[in-house]
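Just below is one structure, and these are the notes that go with it.
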Amino acid sequence: MNYPAAITLLARLDPTGVRQLPINHLPWICICHVSLLGLIYGGTAAFLSRDLVSGQGILRLTLAGIPAAFLMHAGAALFIWVFLKALGGTAAFLTAYFFIGVAAIFLWPVAPFLAMVQVRTPDPIILTALVLTGVYGLTVTTRIIHHVFDLSIIRTVIALSAAVIYIGCFLYLWM
């Protein structure tokens, strides 16, 4: 299966197409998706903060989104893997890492709204857009994780709920 067909299936909440992609392409797809997620987030934050930073500061802030995205991706993949493995999941860490990275394309619409909420006072429209895009991105990620770990939906939801709570608390303390 080719990349556009696999991503189209994933957009329809069917992760079977991603399994059919060549295994040696998954790391590159993951790197591209997470890097672009970081650029979208960093670029939006830099654009909204352009009055505070100038010149090279805007470029640095934009590019700072890439390592931040990879740090968040690696941390989330690790916590999700640990909780799902504890409930009997069968996937290896790198498999989970790459598949969650492939699903990161559906977090691209979330990134600008998240940056808007963090940089300025959010209004109800931005918060609504953040919630809607976030729920869709989380739904796609949940479907691919459920497919990769081959657990029941109840175990997947329990493990992901624990991971989301843990990651949320971690981010709250970090910010």
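Quick note: the coordinates plus some simple rules give every number you see, no bench work behind them. Treat the numbers as computed from the prediction; the structure is a model and nothing was measured. Every residue, glycine as well, gets a Cβ built from its backbone with ideal geometry; the counts of neighbours run over all protein chains shown.
Data overview
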quantity: Projected label distance in nm at ALA86 and ASP150, using a 7 Å step from Cα toward the beta-carbon; calculated: 2.3 nm
quantity: Taking N as its residue count, the alpha carbon Rg of the chain over 2.2 N^0.38 Å; calculated: 1.06
quantity: Set of segment 126-151 residues, backbone N closer than 14 Å to the point 7 Å along the Cα-Cβ line of LEU9; calculated: 144, 147-148
quantity: Modelled FRET efficiency - R0 30 Å, VAL164 with SER49, Cβ distances, 0.05 increments; calculated: 0.60
quantity: Computed helical MRE - 222 nm, the chain, DSSP H runs ≥ 4 contributing -39500 (n - 2.57), nearest 500; calculated: -26000 deg cm²/dmol
quantity: Rounded to whole Hz, the Karplus (6.51, -1.76, 1.60) HN-Hα couplings of segment 26-41, x for glycine and proline; calculated: 4, x, 5, 5, 4, 4, 5, 5, 6, 4, 5, 4, x, 5, 5, 5
